[in-house]
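Here the structure is laid out as structure tokens; the discussion comes afterwards.
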Amino acid sequence: MGEIAIVIKARNKPGVLRDITDLMAKCGINITYTYLFIEEKELASVYMELEYVKNVERFIENIRNFREVTSVDVHRSLGEIYGKRIIIIGGGAQVAMVAQGAITEADRHNIRGERISVDTIPLVGENELAEAVSAVGRLPRVGALVLAGSLMGGKISQALDEIKKDHEVIVISLNMPGSVTQRADLVVTDPVQAGVMAVMAVADTAIFDIKKLGEKRF
């Protein structure tokens, strides 16, 4: 496939990104992921993951020949480094306990060659939680979402319906009042166990399939 990841540093001027992507299109290169941020007022960094790069050295040299480009570096992709992501959203105490289980289990699989990372955000408020759940659909490489709180429903459940409709993400909820438990693929009472099961559900090095479970609630 000729897959590579690159970081391009260039002067922050109109048309620079257009010229770079135009070259990629002419070379038949497909952009699978990109992220742009401003490092300084006059300097921007663009991270890109690319496929169908036939001649990496020649392609990198062509990018470096752009007058506005200051440097180009080749890296391993974020998928290779950080792998699948477990997202934990909810109350601070519950999030911390779920993270404990997820990090402990992820460590076991990562030692065996897997790549699983854990992201957390403690939040309160229906609107804030619904917004965070909705944003999961815009994050790359999400394998599982764990909802860790004491009461979740309403707008949070609506946001959950939206991401489950458009994205393949496993949803695990702690056992709590509210309608999110009806939307979740799995409901777990023990927060540490919820974190462990979230990692097991997405790990290639684990033999665990939520769809084969006879029960949904534990």
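The values are calculated or read from the model by the stated rules, or taken from the named source; none is laboratory data. What you see is a predicted model; the values in this text were computed from it and never measured. Glycine gets a Cβ as well: all are built from the backbone with ideal geometry, and neighbour counts include every protein chain shown.
Listing for the model above:
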{"item": "Number of the exception - A159 against (1) part of a loop (DSSP other than H, G, I, E, B); (2) within 19 Å of the chain's Cα centre (by Cα)", "result": "(1)"}
{"item": "Which numbered condition M152 misses (of (1) touching a residue at least 24 places away in the same chain (Cβ under 8 Å); (2) in a loop (DSSP other than H, G, I, E, B); (3) more than 18 Å from P177 (Cβ to Cβ))", "result": "(3)"}
{"item": "Subset of the range 57-68 (residues that are among the aliphatic types (A, V, I, L, M) and either over 23 Å from P140 (Cβ atoms) or at pLDDT below 90 (or both))", "result": "I60"}
{"item": "Selected residue (criterion: nearest to L50 (Cα to Cα)) from residues of the range 13-27 that are surrounded by 14 or more Cβ atoms within 10 Å (Cβ to Cβ) and under 27 Å from the mean Cα position of the chain (by Cα)", "result": "M24"}
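Yes or no, residue by residue, for (1) surrounded by fewer than 18 Cβ atoms within 10 Å (Cβ to Cβ); (2) in the same structural domain as Q193 (by TED's automatic domain parsing); (3) at pLDDT 90 or above:
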position: R11; (1), (2), (3): yes, no, yes
position: I29; (1), (2), (3): no, no, yes
position: T34; (1), (2), (3): yes, no, yes
position: T70; (1), (2), (3): yes, no, yes
position: A93; (1), (2), (3): yes, yes, yes
position: A96; (1), (2), (3): yes, yes, yes
position: G101; (1), (2), (3): no, yes, yes
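Residue-wise test of (1) outside the structural domain of V98 (by TED's automatic domain parsing); (2) under 25 Å from I81 (Cβ atoms); (3) modelled with pLDDT of 90 or more; (4) touching a strand residue (DSSP E or B) at 6+ places or on another chain (Cβ under 6 Å).
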residue: S117; (1), (2), (3), (4): no, yes, yes, yes
residue: E128; (1), (2), (3), (4): no, no, yes, no
residue: L139; (1), (2), (3), (4): no, yes, no, no
residue: G149; (1), (2), (3), (4): no, no, no, yes
residue: G153; (1), (2), (3), (4): no, no, no, no
residue: M176; (1), (2), (3), (4): no, no, yes, no
residue: T181; (1), (2), (3), (4): no, no, yes, yes
residue: T189; (1), (2), (3), (4): no, no, yes, no
residue: Q193; (1), (2), (3), (4): no, no, yes, no
